[in-house]
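The block underneath contains the structure these notes are about, expressed in structure tokens.
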Amino acid sequence: ARRGAQRGEGKRSAGERVRDLAEMVRQAGLAEEHREGFESLARAVAEEEASPALGSPSHPPSPTAASGAPPPAEHAANKPAPPQAAAPRGAGKLPGPYYSFLPEFVGAAVPGGPPSPPWRTPCFASCTTKASPPDAKGAATVTLDCAGAAPAPPGPRLLPACADTYLVASLTGWKVVRVGKEGATLLPWGGKGEDEGDMAAYGARVFRFASSLTAAVEAIWQTVELFRGPLSGAGVAKGDAERNAAFLRDYAHYDMGPRVQGDVALDEGDVRSGDMLGVVRLDGLDPLIMWGTGSRIGHTAAALRMEDGELYVVESQDHTSYWPVGRVQKTPYAKWLKLASEADYNVAWLPLSEAARGRFNESAAREAFASWEGLQYGFYNVLWGWIDTATGNFPWPLHPQLLMTSLAILEPLLAKTGKPSLVNAAFGHRLGVPLTDLPSLTTRGAYALARKAGITFEKLITLPEQDAWAYPNQTPSGAPGPSMVCNVLVCRLWKAAGLFDVSFNCAEFTPLDTYQLTALAAPGDAALPEACRAGNPPGAALCQIMGGYSMGMPMVGTMAPFAGMREGCPGTPPEYDDRVKASGWC
């Protein structure tokens, strides 16, 4: 698009960008799997571009007959009940274009089953969906039936009739269809390759785009811009940082204003083993983690002095354009500061509380880290600190059924990255699959096992992650080992050092949960050196030592650990009020 603009071609149309996306999928070798989907998307975009005023306006979540009642866990024959639209959460509208391409779940069409509960749109008073019984080849017809067209506004009619745009998806494919007239809209579905067990349990899921397809396609590209520049270079350009800071302000109500103070040159002797380093890199990824979890940082690391007396920073990292080494690693403190500065990190030092310092067993921490050094980054359980509830952790309009279908549809594409699946082995552990069989488990295979066990997808994603689980190919030699994302490594290091008297799973923690633990000094209790006071608020529990944007981390060191901690916490953006209210027990 940028090259086109430089040639004077101007902004690319939605149709051109759809073709760009289709070409990217083709180059990944997955054209056939997504052929019908992209053909339907191209047709829908062409219809919309031919009548640009035809798209329905943006609107809050569609009310449904379910009235927010949760679906039953099971129904006849021990099958999951067809999914229903969840009750609207929050305002039902995103504050900007980022992630606004995600469609809202409105219903499901189970072959041979009854019509879904009705939903309302700006274009129609009532819509339902259903699917015909499957034929001998597993093919069915999905029907979208809408009635009660919105009345035309008074005065001269200048615009065409209103139309809604839907994404219809199952585990094996997707199609886009526009509905602009009352009555039945028919969509052929299934046949060769369809997952008939999933269709019988969950049906074809129907999602409605909140705005026009043109706006949705443009929102994809604007969202990509949050990540593209920062994740392709060593540093973060000023415009990219400002864009991500604005995203955090609008989407998570976290204002990281420009910081006028320079870097704080800490005496290395002030940093002790077990102290935490909290990081925000305004690169799209950290802000996404922060938006989803309510955390005020996106990455964590810990200080650890080794037997030779040198201070190191230990962390779980992936190899990226800005970080030279992947896996669980240690880096000399001075070298780490240099790398962090070059990567445009915003860094806060959070010391252990005095009580924790007195208990911290440095030799035990070193021994534990030595057993973990070289492990792969924790891709296997990166999601499970975030997802604790069926719907209470998802920003609107993300829904479990959109996640379920997306994970299956995108599995072949994600496999091309060479990274482990984010869910397959974790699902396998929850379903009792032996460790030796985890590498061969597919997403659809995991869903089939869950159906056989009578476990809904919504239940599956809420089963707690266990610190004791081992995952395939984690060690440098390819042997099984634990899977730890950044904050889980810090939490488990504290565990190994003897800071906690109760049992809980660090793998269920987010960065927020980790820095709230009473292992860290609470506001007013941290004896920060003089160098910290000039550049940080009075009484703060952190000392920001680096970065062009101000960091604020409320509730540091305020939560005593308890058994089962953080295994059932909600957390709804942008205020996260439900998370705050539940923090004492969830």
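The values are calculated or read from the model by the stated rules, or taken from the named source; none is laboratory data. On a predicted model such as this, the values are computed, not experimentally measured, just so you know. For neighbour counting, all protein chains shown are included, and Cβ atoms are generated from backbone atoms with ideal geometry for every residue, glycine included. Only protein heavy atoms, including side chains, enter the accessible area calculation; ligands, DNA and RNA are left aside. Shrake-Rupley method; radii C 1.70, N 1.55, O 1.52, S 1.80 Å.
Phi angles of the range 555-560 translate, via the Karplus equation with coefficients 6.51, -1.76, 1.60 and θ = phi - 60°, into HN-Hα couplings of 6, 5, x, 10, 10, 6 Hz per residue; Gly and Pro are given as x.
Can you pick out the pairs among Lys459/Lys581; Lys416/Lys459; Lys338/Lys495 whose Cα atoms lie more than 25 Å from each other?
Numbers: Lys459/Lys581 23 Å; Lys416/Lys459 29 Å; Lys338/Lys495 29 Å.
As for pairs spanning more than 25 Å Cα to Cα, those are Lys416/Lys459; Lys338/Lys495.
Using heavy atoms of the protein chains and a probe of 1.4 Å, the accessible area assigned to Glu49 is about 80 Å². When Trp221, Trp323, Trp174 are compared by accessible area of protein heavy atoms, the largest-first order is Trp221, Trp174, Trp323, using a 1.4 Å probe. Here the range 119-255 is assigned +1 on the Cβ of each Lys and Arg and -1 on the Cβ of each Asp and Glu. Its dipole about the Cα centre then comes out at about 300 debye.
Under a 5 Å amide H cut-off, with hydrogens placed 1.01 Å from N, Tyr549 pairs with Arg259 among residues at least 5 apart or on other chains. Residue order by solvent-accessible surface for Ile297, Ile220 is Ile220, Ile297, largest first, with ligands and nucleic acids left out and a 1.4 Å probe. Accessible area of the chain with a 1.4 Å probe: how many percent of it is carbon plus sulfur? After summing per-atom areas, the C and S share lands at 57 percent. Annotation: for a label point projected 7 angstrom from Cα along Cα→Cβ of Glu47, residues of the range 173-200 with backbone N closer than 17 Å are 174-189. Subtracting the Cα-Cα distance of Ala265 and Ala150 from 0.36 nm times their residue separation leaves 35.0 nm of extension gain.
Towards the positive end of the charge dipole of the range 268-411, with charges on Cβ (+1 Lys, Arg; -1 Asp, Glu), say which of Leu398, Val313, Asn346 has the farthest Cα. Projecting each Cα onto the dipole axis, the largest value belongs to Leu398. Annotation: peptides 388-395, 575-582, ranked by per-residue average of other Cβ atoms within 10 Å with the highest first, follow the order 388-395, 575-582.
The local environment of Glu367, defined by Cβ-Cβ distances under 14 Å, has a net charge of +2 under the rule Lys, Arg +1 and Asp, Glu -1.
Extending 7 Å from the Cα toward the beta-carbon at both Met306 and Glu182 defines two label points whose distance is 7.6 nm. Of the listed values (i) 3, 17, 27, 27, 17, 6, 2, 1, 0; (ii) 3, 14, 22, 21, 16, 11, 7, 4, 2, 1, 0, 0; (iii) 3, 16, 26, 26, 17, 9, 3, 0, 0, grab the one calculated as P(r) over Cα pairs in 10 Å bins from 0, in percent from the structure here. Checking each listed value against the structure points to (iii).
Summing Lys, Arg as +1 and Asp, Glu as -1, what charge do residues with Cβ under 12 Å from the Cβ of Val106 carry, Val106 excluded? Walk me through the intermediate numbers first.
Working: positive: Arg120, Arg205, Arg208; negative: Glu104, Asp164.
Its environment carries a net charge of +1.
Rounded to the nearest 20 Debye, what is the dipole magnitude of the chain about its Cα centre when Lys and Arg each give +1 and Asp and Glu each give -1 at the C-beta?
Working: 52 positive and 60 negative charges, 245 e Å.
For this selection, approximately 1180 debye.
About its Cα centre, the range 338-461 has a charge dipole of approximately 400 debye under the convention of +1 per Lys or Arg Cβ and -1 per Asp or Glu Cβ, with nothing else charged. The lysines within cross-link reach of Lys452, meaning a Cα-to-Cα straight distance under 21 Å and a gap of 8 or more places when in the same chain, are Lys79. Arg281 exposes around 0 Å² of accessible area when a 1.4 Å probe is run over every protein chain in place. With a cut-off of 9 Å between beta carbons, the residues surrounding Ser170 carry a summed charge of -2, where Lys and Arg count +1 and Asp and Glu -1. Solvent exposure of Glu39, expressed as accessible area, is near 80 Å², computed with a probe of 1.4 Å over the protein chains only.
I'd like the chymotrypsin sites (Phe, Trp or Tyr not before Pro) in the range 271-337 restricted to DSSP loop residues with at most 12 other Cβ atoms within 10 Å, sorted by number.
On the way: sites: Trp291, Tyr312, Tyr322, Tyr333, Trp336; in loops: Tyr322.
Nothing satisfies the criteria.
Rounded to the nearest whole Å², what accessible area per residue is found for the chain with the 1.4 Å probe? Write out the running numbers ahead of the final one.
Details: 24310 Å² over 586 residues.
Counting only protein heavy atoms, the per-residue value for the chain is 41 Å².
Over the chain, DSSP H runs of length four or greater, each weighted -39,500 (n - 2.57), average out per residue to a 222 nm ellipticity of -8500 deg cm²/dmol. Cysteine residues of the chain whose Cβ has no partner cysteine Cβ closer than 4.7 Å: Cys486.
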